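Peer 1: Below: one structure in structure tokens.
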Amino acid sequence: MPIRLSSSARRDLTLIGCCSLILFFLVEFRSGVPTKILNRSNGDYYATGPSSSPEAAASLEGLDAEERELLGHVPASSPRRSKHRSSGPSRLKGHHKHASSSRLKPTTFDTHDNKIGSSRVSWGRNEGMPLTDLVAHAPGFTILDNVYSLNGTLYIVRSDTKPGSFPEVRTMISNAGNPSLSLDDNMRIISERQALALFGSQASRVEGATFLCNDEESVISDYYHFTAETLFSLWRAYSSLDLSISPYGETRLPQPRRFIAPHIPTSRWRDYANLNQYILHAAFPSTGVEFQGDWVDRAETLRPYFFDRIVLGDRIAARNAGSGKGRANTGKEGEGIDKAVFQADKMPKSPHWWMPIRNNVVTFAAGEDADALVMAEKKKRQEYSGLTTTTPPVITYVTRQQWGKRMLRDSDHTALVDKLHELKRDNKDWEVNVVQLEELSREEQIRLAARTTVLLGVHGAGLTGLLWMQPTNQTTVVEFLAPGSFSEDFEVVARMVGIKHFTVWGDKSMTYPSLPEKSKLPARGQSLEFDSNEIPVDADAVVALIKRQLQPAEEA
């Protein structure tokens, strides 16, 4: 029998239903994140006004005109938009709530809370939101915990935003060589009150450590520049958080969860030999990659993101903050100091900081032979203590004679090859290799470099293989350059990983700290001799240098 309700009871039920519906919408939309994109025709992305949440509305009270303008005009990363778009794999993030007493300063982020249904970081007005922590900083290289992102801009949230309370933005990030971008397009330092107005009471969590390369494409679309500068510098900064890295490459640092390059199209970061992507995936098998299109995709969601940790690298910021001690300045932006990695190397480090990456790449390339390689290297590692090794040395000469640029004089090249083979005949157990790297596979290149004791070659990407050599008291790189020219590219990298490096001018060899005075040399781009195809080298002097480097430790 149907139940009949009185008219007053029906009115009460209707009123309860309406109130419930209103309460539902208030709770569901309390974060009030901007949802409309304006002015897309010129490639710029702006969000409509500030958050409409109760917390945000309250936080707007007392804001001055400049602060209100900030919250009403949020520039994004749209100038990075390109037709080269790629869709990275979706990542489901874990939930992490924070009370006012916890400002979220994790050290490893080795968590297992990445449940599909809990991907937000949330906070209440009375609890306080997680503030950004400065973990480590040198100009151009910064490690930050609790970083926010909205519409393509990174936000540092601080209780104190006065000048001097935090590193200047210009020392952390640049416009990546894009004159249409300002520093504010890439990063801003804001107060907690401003952050509440921008983000409301929640953000989507991006878990773990993120390597963020804020460089333009021209600096990483090359094997040397990507591996020996970009990846090398980012890891150098990150490794400062573990000073106990062992000679075996053991570290407590987790792999970065992702590598993000907001200014670089997906199709533009691969070098001609396809080594860049090979090295990245070999070094960090669990790391995802995101590029310009992926960064724009995030921006277009118009939702705030919360990054657990960002390891930020920016070459222009590093160079602009430099002291000018690199090669002669040309007056161009970003050339105040020649090697950005000089800045990263100011951070604390283990003497074996590079070994986790080196070992990962070498064992990856070894494939099924990885176990045998590990055993052989354990035997060779006795050289760390200065003991005489029974492992025969391997000498590898990387020739560029077919390149048509930056080559040895033909007669000197022939004499050097003859002298190296003569050295082999006089030392039966020594191994001598004369190779053109373009004729070897990626695996063959890395495996050969890993076994090499002395690496020889004219300045060029082939010497990047020094990164895979095992540092010992005999490991040496010999770089041929035209007399009167100099490059610290490989000298700095070799020195930072514990390998001896010599620059050779004809019959003269030089090593750190007795290097050419850069102030007395022409800038590399002005030196007609640097790329000469007639670089002289004295074969007898080179062989004598090799013999000195390979003599037993007790005779040295």
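Peer 1: Kindly list the residues of region 458-475 that lie in the label zone of Lys405, defined by a backbone N under 18 Å from the point 7 Å along the Cα-to-C-beta vector.
Peer 2: Only 458-464 pass the distance filter.
Peer 1: At what distance in nm do the modelled label points of Glu422 and Asp531 sit from each other, each positioned 7 Å from its Cα along Cα→Cβ?
Peer 2: 3.5 nm
Peer 1: Here's another thing I want to ask about it. Taking the Cα centre of region 369-550 as origin, work out the dipole magnitude from +1 charges on Lys and Arg Cβ and -1 charges on Asp and Glu Cβ, in debye rounded to 20. Kindly include the intermediate steps, with their values, before the conclusion.
Peer 2: Values: 23 positive and 26 negative charges, 101 e Å.
Roughly 480 debye for region 369-550.
Peer 1: Where a ≥ b ≥ c are the square roots of the eigenvalues of the C-alpha gyration tensor, would you call region 202-305 rounded, which needs a/c under 1.5, or, failing that, prolate if a/b is larger than b/c, or oblate?
Peer 2: Taking the square roots of the gyration eigenvalues as a ≥ b ≥ c, region 202-305 is oblate.
Peer 1: Can I ask one more? With contacts defined as alpha carbon pairs under 8 Å and 6 or more residues apart, what's the relative contact order of region 426-480 in percent?
Peer 2: Relative contact order here is 34 percent.
Peer 1: Would you mind getting the accessible area per residue of region 369-550, heavy atoms of the protein chains only, 1.4 Å probe, in Å²?
Peer 2: So region 369-550 comes to 44 Å² accessible per residue, rounded to a whole number.
Peer 1: A follow-up question, please. Place a +1 charge on the Cβ of each Lys and Arg in region 108-233 and a -1 charge on the Cβ of each Asp and Glu, then give the dipole magnitude about the Cα centre in debye, rounded to the nearest 20. All intermediate terms of the calculation are to be shown ahead of the outcome.
Peer 2: Working: 9 positive and 16 negative charges, 123 e Å.
Here region 108-233 has a charge dipole of around 580 debye.
Peer 1: Another question, then. Starting from the Cα of Leu515, step 7 Å along the direction of its Cβ; do the same at Glu439; then give the gap between the two resulting points in nm.
Peer 2: Calculated label separation equals 3.3 nm.
Peer 1: Counting only protein heavy atoms, what percent of the accessible surface of region 369-550 is carbon or sulfur at a 1.4 Å probe?
Peer 2: Looking at region 369-550 in its full context, I get 49 percent from C and S.
Peer 1: Suppose a student asked you for the relative contact order of region 369-550, using Cα pairs under 8 Å spaced at least 6 residues apart; what percent would you report?
Peer 2: Taking the mean separation of contacting Cα pairs over the length of region 369-550, I get 25 percent.
Peer 1: Is the shape of region 369-550 best called rounded, prolate or oblate, per the rule: a/c under 1.5 gives rounded, else a/b larger than b/c gives prolate, else oblate, with a ≥ b ≥ c the square roots of the Cα gyration tensor eigenvalues?
Peer 2: prolate
Peer 1: Based on the mean of other Cβ atoms within 10 Å per residue, sort peptides 247-256, 474-483 so the most packed one is first.
Peer 2: Answer by packing, highest mean first, reads 474-483, 247-256.
The values are calculated or read from the model by the stated rules, or taken from the named source; none is laboratory data. Source: prediction; values computed, not measured. Glycine also receives a Cβ, built like all others from the backbone with ideal geometry; neighbour counts cover every protein chain displayed. These area figures cover heavy atoms from the full protein model, side chains too; ligands, DNA and RNA do not enter into them. Shrake-Rupley method; radii C 1.70, N 1.55, O 1.52, S 1.80 Å.
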